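A.B. asks: Quick one: this structure, given as structure tokens, is what I'll be asking you about.
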Amino acid sequence: MRLRSSTATVAFGLAVAALAACSPSVPSADPRDAQAPASGAAPAPSVPGQTPGAQATPAAQAGLGSRPTASASPTPTRTSRGAPNSGNPGGRVSVPAAGQAIDTSKPTRTVGNGTADSCTSAAVIRAVAAGGIITFDCGPDPVTIRMTATAKVRNANGPQVVLDGGGKVTLSGQGKRRILYMNTCDALQGWTTSHCDNQDHPRLTVQNLTFTDGDSTGQRTDGGGGGAIFVRGGRFKVVNSRFVDNRCDRSGPDLGGAAIRVLDQHDDQPVYVVNSTFTGGSCANGGALSSIGVSWVVLNSVLRDNEAVGEGANPARSGTPGGGSGGAIYCDGNKFSVRLAGTVVEDNDAREGGGAVFFVSNDRTGTLRIENSTLRRNPSHGFENHPGIFYLGSGKPTFTASTVR
């Protein structure tokens, strides 16, 4: 029986047992004719096989804890020119050095020679494959580069790969393809260590860019997902960027991330998403962000009007294809954390659980922190245990100076 969020009683015993029995659902990349290096197994997925009931929904939480801190003011180089309308203008949470934009005043290479026509898909693909700090010179006006193939990071090139659009460049998947791909465990992109799931390079940063109309439907390497960007391994960061109307497969119990899907980060360090906006994303799970066993720090950002459209949760209920959780954010795995600070999450929708955030830590060590943020109007049509949130982790989520309703 499916229990709605208004249901006041719940017992998670059966759900816990189901979670413990789950097996990993993220396969290793196809090594083709190469011998795969040793790597750790992906964390086991965990979503109740039978849709769990919901605990009593708490009242909206507002004004808890300390006041927001002032935001950091980065050096005014070209790295500070974010994409138009990116981020939460009311977000004033300070950004640590690890989350700030990269200085691209001395680029390794430049896409374009001063005209819009010179900024082509082929030029972007070549630059990304070559690595280094990449900027764009596409003329004085905003430009949309229509990608005719996915730009792929070559693991031996870098070790730093930075794409900086200067606030004027949009990369479009044209509703036909994923836009950007990095996978340290994909033999076709070259193996550079014997521990592909835990290496410190490449370090990919996207900043001052817009990603629109990416679509990874049918792309199932390492489980699929990531309509605009897919990352496995190394390090990854997003700063001052927008993600608009991206897509991934509409069904599947554990794939997700209409905008971004991440698996593995070096030494379990978090993915930073700073001063960025995610709108109009649609996927089986995670209408904006999705990961397995990966931590996130989302600062001064906006996640709005995204949706999880799958049906049947994970493992999929009998007769369903699975999915439907995490209207904005879908996180699964063992020990990981999610911190939302200075961030607005609103008007997202989940057909199953967690209209705003779906968070399941299999071993109950993971933590969810919401600080100086607003979460509102994020319906969960199947189950939740906080307004717009389904959470299984260490203790309860913490809410500080936030509104959650």
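A.B. asks: Is it fair to say GLY165 is within 30 Å of ASN372 (Cα to Cα), open to solvent by less than 50 Å² (accessible area, probe 1.4 Å) and not β-branched (Val, Ile, Thr)?
C.D. replies: yes
A.B. asks: Inside the stretch 113-154, can you point out the residues that are touching a Cys at 6+ places or on another chain (Cβ under 9 Å), within 20 Å of ASN246 (Cα to Cα) and in a helix (DSSP H, G or I)?
C.D. replies: None - no residue of the stretch 113-154 is touching a Cys at 6+ places or on another chain (Cβ under 9 Å), within 20 Å of ASN246 (Cα to Cα) and in a helix (DSSP H, G or I), so the list stays empty.
A.B. asks: Among the residues of the stretch 238-261, what is the count of those that are of a type in the set (Gly, Ala, Ser) and closer than 11 Å to SER301 by Cβ?
C.D. replies: Adding up the residues that qualify gives 1.
A.B. asks: I need a count of the residues in the stretch 131-150 that are surrounded by 21 or more Cβ atoms within 10 Å (Cβ to Cβ) and under 17 Å from LEU188 (Cα atoms).
C.D. replies: Summing the residues that are surrounded by 21 or more Cβ atoms within 10 Å (Cβ to Cβ) and under 17 Å from LEU188 (Cα atoms) in the stretch 131-150 gives 1.
A.B. asks: Still on this structure, I have one more. Please enumerate the residues belonging to the stretch 371-397 that are open to solvent by 30 Å² or more (accessible area, probe 1.4 Å), assigned to a loop (DSSP other than H, G, I, E, B) and not hydroxyl-bearing (Ser, Thr, Tyr).
C.D. replies: Residues satisfying the conditions are ASN372, ARG377, PRO379, HIS381, GLY395, LYS396.
A.B. asks: Looking at (1) within 29 Å of CYS283 (Cβ to Cβ); (2) polar (S, T, N, Q); (3) assigned to a loop (DSSP other than H, G, I, E, B), can you tell me which one THR104 breaks?
C.D. replies: (1)
A.B. asks: Right, something else. Consider PHE359 carefully, then state whether it is outside any loop (DSSP other than H, G, I, E, B), within 21 Å of VAL274 (Cα to Cα) and either open to solvent by 10 Å² or more (accessible area, probe 1.4 Å) or among the hydrophobic types (A, V, I, L, M, F, W, C) (or both).
C.D. replies: yes
A.B. asks: So LEU368 ticks every box in (1) farther than 19 Å from CYS248 by Cβ; (2) in contact with a Gly (Cβ under 9 Å, 6 or more places away or on another chain); (3) not in a strand (DSSP E or B) but one. Which box is left unticked?
C.D. replies: Result: LEU368 fails condition (3) only.
A.B. asks: What about VAL238, is it closer than 21 Å to ILE134 by Cβ, of a type in the set (A, V, I, L, M) and without any contact (Cβ under 8 Å) to a residue 40 or more places away in the chain?
C.D. replies: Taking the combined requirement at face value, the residue satisfies it.
A.B. asks: Quick one: would you say ASP249 is at pLDDT 95 or above, among the charged types (D, E, K, R) and either surrounded by fewer than 24 Cβ atoms within 10 Å (Cβ to Cβ) or at positive phi (or both)?
C.D. replies: Considered against the rule, which asks whether it is at pLDDT 95 or above, among the charged types (D, E, K, R) and either surrounded by fewer than 24 Cβ atoms within 10 Å (Cβ to Cβ) or at positive phi (or both), ASP249 comes out as no.
A.B. asks: Would the stretch 295-307 turn up any residue that is of a type in the set (Asp, Glu), over 19 Å from SER373 (Cα atoms) and over 14 Å from the mean Cα position of the chain (by Cα)?
C.D. replies: Scanning the stretch 295-307 turns up no residue that is of a type in the set (Asp, Glu), over 19 Å from SER373 (Cα atoms) and over 14 Å from the mean Cα position of the chain (by Cα).
A.B. asks: Can you tell me how many residues within the stretch 186-219 are under 19 Å from the mean Cα position of the chain (by Cα) and either among the hydrophobic types (A, V, I, L, M, F, W, C) or part of a strand (DSSP E or B) (or both)?
C.D. replies: Final tally of qualifying residues: 11.
A.B. asks: Check whether at least one residue in the stretch 255-274 is farther than 21 Å from VAL338 by Cα and either in contact (Cβ under 8 Å) with a residue 12 or more places away in the chain or open to solvent by less than 30 Å² (accessible area, probe 1.4 Å) (or both), and report yes or no.
C.D. replies: Within the stretch 255-274, none of the residues are farther than 21 Å from VAL338 by Cα and either in contact (Cβ under 8 Å) with a residue 12 or more places away in the chain or open to solvent by less than 30 Å² (accessible area, probe 1.4 Å) (or both).
A.B. asks: Residues that are open to solvent by less than 10 Å² (accessible area, probe 1.4 Å) and in contact (Cβ under 8 Å) with a residue 12 or more places away in the chain: which strands (runs of 3 or more DSSP E) entirely in the stretch 293-337 hold 3 or more of them?
C.D. replies: Filter on the stretch 293-337 gives 296-299, 329-333.
A.B. asks: Does any residue of the stretch 216-237 turn out to be under 18 Å from GLY99 (Cα atoms) and open to solvent by 10 Å² or more (accessible area, probe 1.4 Å)?
C.D. replies: Checked the stretch 216-237: at least one residue is under 18 Å from GLY99 (Cα atoms) and open to solvent by 10 Å² or more (accessible area, probe 1.4 Å).
The values are calculated or read from the model by the stated rules, or taken from the named source; none is laboratory data. The shown structure was predicted, so the numbers you read here are calculated from the model rather than taken from an experiment. In this analysis, Cβ positions are derived from the backbone assuming ideal geometry, glycine residues included, and neighbour counts consider all displayed protein chains. Remember, those area values only see protein heavy atoms, side chains included, never the ligands or the DNA or RNA. Shrake-Rupley method; radii C 1.70, N 1.55, O 1.52, S 1.80 Å.
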